[in-house]
1. Is there any pair linking a residue in the stretch 74-103 that is in contact (Cβ under 8 Å) with a residue 12 or more places away in the chain and farther than 30 Å from Q141 by Cα to one that is outside any loop (DSSP other than H, G, I, E, B) and of a type in the set (S, T, Y), with Cβ under 9 Å and at least six apart or on different chains, and which?
2. Only one residue in D490, D511 is of a type in the set (D, E, K, R) and surrounded by fewer than 15 Cβ atoms within 10 Å (Cβ to Cβ), so which one is that?
3. Show me the strands (runs of 3 or more DSSP E) entirely contained within the stretch 309-405 in which 2 or more residues are within 30 Å of A606 (Cβ to Cβ) and either modelled with pLDDT of 90 or more or in contact with a Lys or Arg (Cβ under 7 Å, 6 or more places away or on another chain) (or both).
4. Quick check on the stretch 517-539: of everything there that is among the polar types (S, T, N, Q) and part of a strand (DSSP E or B), which residue is surrounded by the most Cβ atoms within 10 Å (Cβ to Cβ)?
5. Does S542 satisfy being exposed (fewer than 15 other Cβ atoms within 10 Å of the Cβ) and in contact (Cβ under 8 Å) with a residue 40 or more places away in the chain?
6. Which pairs do you get when a residue that is closer than 20 Å to F287 by Cα, found in the stretch 136-155, comes within reach of a residue that is among the aromatic types (F, W, Y), reach meaning Cβ atoms under 8 angstrom, with the pair 6+ apart or on two chains?
7. Do you know which residues across the stretch 626-678 are buried (at least 17 other Cβ atoms within 10 Å of the Cβ) and β-branched (V, I, T)?
8. How do the strands (runs of 3 or more DSSP E) wholly within the stretch 237-286 filter down when requiring 2 or more residues that are at pLDDT below 85 and not acidic (D, E): which remain?
Amino acid sequence: MRREIATYLPAQVRGISGQSVADAQAEIPAADIETQVARNPFSKTASRVVESGCSIRAGFIGTDGRPSLVPVFTGRVMDAGGSALTDVMSVDCDDDAALLRRDVIVAPLASQMRYVPDSGASVLLFPGVSGSYVMDSVLRQLGYYTMPAAEPSTAVSCPLQGTVWPEQLPAGTSVSATAFYGELIQARNGVTEDNPTFVSQAWDTGERFLALTGDFVFRVRPARLVETDWVRIHGWANGESGQTEILLQSAGLAWTRVRIRPGEIEVAINTLGTPTHTFTGWPGGRFSIDVEHDGATNNVILFYEGGSQSTSLVGAHSNGVSYVQVTSEEGMALAGVAVRSNPSGAHAMIGFVPSASLDPTIGRIDATPGLFRDNGWDALREVAEAELGAVWLDEQGTPTFRNRQSLRGIGEPVHEITSRTSLMDVSWREAVEQVRSSVQVPVLPVTSYLSDDYAHTVWSAQETGTVISVGANATKRLSVNLNGIAIGIDTTATAGTGSTGTRFRANTAADGSGSDVSTSVQVEVDPSGPRVARVIVTNNHSGRVWLVAGNGSDAPDLFIRARQRIIQASQASEYAEVDNEGVRAEELTLDESPYVQDNSSALDLASFLAAELSAPRAILQRVPVLWEPRRQLGDIVEISDPDVTGLEPLRGVVVAIEHGGTAGNIDQYIDVRPLLPTIAEFNQAWDGQTIADLNALWDGQTIADFNADPLRVS
């Protein structure tokens, strides 16, 4: 079995960017096949031990009295065969990436948007957006979760992966603005009118989540929590200071308030905030709170990892919930939140094990392009490559993304591999052909047009020359390509010219010389994708009609309008370039990506790669090591060979793992990309400090000490 991080970049930066689909081969001797299991594919009376398409797990079973499988592979049999003479069955397997290759629909999102209430002034929203939103949305549609899946009674669900925008409803054929678990009506940084601040947290599970400081409000729409008896609030929070507040606002200003602080959770019920109860001893992490709303005695139950507490509060309300407001302060991070009504069954949050593991993405983006029936695996790869990160399925089939900081060795090594205990050989290669004289990163800038009303025309029949004709008492459907990415489309067209939104005119004659029968025609627009809409025209008139201007004009007359129109360049008009002075070699130009949108982000990528490709660097290839089933792609390891080659501890990232063997013998080989700090990284680490500071830190230590950790600053 071999799993590696593949990339189109030069080999010496393998593991900086790429993707992995592991493959495996195995032979199953007849002696290991039970007699009741068929040893050929044609038996009608017995089942087969394996067949093409079936799931397979491989790993190490311990013998310490409590056998448990340490997985090294979870996948699917792609090919199976055998013969009577060889008396074995052979199988070829791949990671079960087929589930990730299904089509997905992800709504476009911008870093600035508008909420337009039924009455009153519009509100400028700062939901924030990053590649993490795209990855998480794709994976949730495919059945992989960083936070528990939403349930039918869920009113608000916000995984908080790179944005405060709520979770999208299960994908169908629409990505309309109402297809979310909740409607975002306020989103801003708690200090400035800007996007919420997201930070990376590594909590008790070692998983990586996003959190934020800021203030955001969801409108429960449709009203899923009206006249409910119980409400369940669950989330994931941790920190050493500050608090996170979740406020359920109801009709008549009655509400339930939950305040999460280090070591305690406070619950208050009713308008004045009393009665209040504080649950102490909360260990942090996952929590789930059930609150009974019956207008008299209200039971409150707190569940968390390893325990639960309960109390009764008298005098609370029985109103339905209209809004959910979340405020998070610096120091107390929140990884996700959801609210649902009339809960039943187990608490999904307690004991929840994420089925996806995502580093936060690094690059800044202003808008996501949206996805419409795109291949999910391709979408994940595109985001990862734009970040110079890597995505793969791990040994348990968990989709995993690591950003370029993780792959550059941020954090302590997880394994020490030395020739005295576990290193069998040190094999390496380096090639001058891997060097590049310069790195160019193309930029696809985004321009967003935002308004209070439907001011932006995203498609017009006149501009495209599309004449729509519908027979008597008939309905016609057509699909149109929008001019840019549209957010907040006016989906119900208004007859006549008075509307500022989507509008049309209908006439009984193709040349516009007939009667205006617009009031007998209905036009609806279904935004079936970020750049695609389905137009449904229903003619209730007794004769054929044409959507033309009329009054003697045959100009096509249907205008689709939206509150926000996003235009992204179809090809790069600018590049960020970094030269390696004095290097004579080929240039490297990265592929264009819709997720590289500004010159600053592109320059970061170019600088990062140029430093890595300025000189030949050796890669440790197929290094034989003592078998360790827990070793994984992306692990930071230290390799040393003090006795033969004199190799001092060398830090590197595992970019390939190979397992093999026969009965009674197991082998393991790893490829390791050494993590050699660049001058730029050294300068960044010591920015603002002096030579005296450097001398004081390393006084009395050796060159070997410095080489082992050259970026240490304290």
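The values are calculated or read from the model by the stated rules, or taken from the named source; none is laboratory data. Because the structure is a prediction, the values reported are computed rather than measured. Please note: Cβ atoms are built from the backbone with ideal geometry, for glycine as well, and neighbour counts cover all protein chains shown.
1. Filtered contacts from the stretch 74-103: A80/S90; G82/S90.
2. Details: D490 fails: surrounded by fewer than 15 Cβ atoms within 10 Å (Cβ to Cβ).
Of the residues listed, the single one that is of a type in the set (D, E, K, R) and surrounded by fewer than 15 Cβ atoms within 10 Å (Cβ to Cβ) is D511.
3. Details: elements: 321-328, 332-341, 371-375, 390-393, 399-402.
Answer list for the stretch 309-405: 390-393, 399-402.
4. Taking the stretch 517-539 as the starting set, the residues that turn out to be among the polar types (S, T, N, Q) are 518-520, 522, 528, 538-539.
Filter again for part of a strand (DSSP E or B), leaving 522, 528, 538-539.
Numbers: Q522: 17, S528: 19, T538: 15, N539: 23.
Filtering first and then ranking leaves N539.
5. Details: exposed (fewer than 15 other Cβ atoms within 10 Å of the Cβ): yes; in contact (Cβ under 8 Å) with a residue 40 or more places away in the chain: yes.
Answer is yes for this residue.
6. T146/F209; M147/W236; M147/F352; P148/F352; A150/Y181; T154/Y181; A155/Y181
7. I636, V637, I639, V653, V654, V655, I657, I670, V672
8. Working: elements: 244-250, 255-261, 264-269, 276-280.
In the stretch 237-286, the matching strands (runs of 3 or more DSSP E) lie at 244-250, 255-261.
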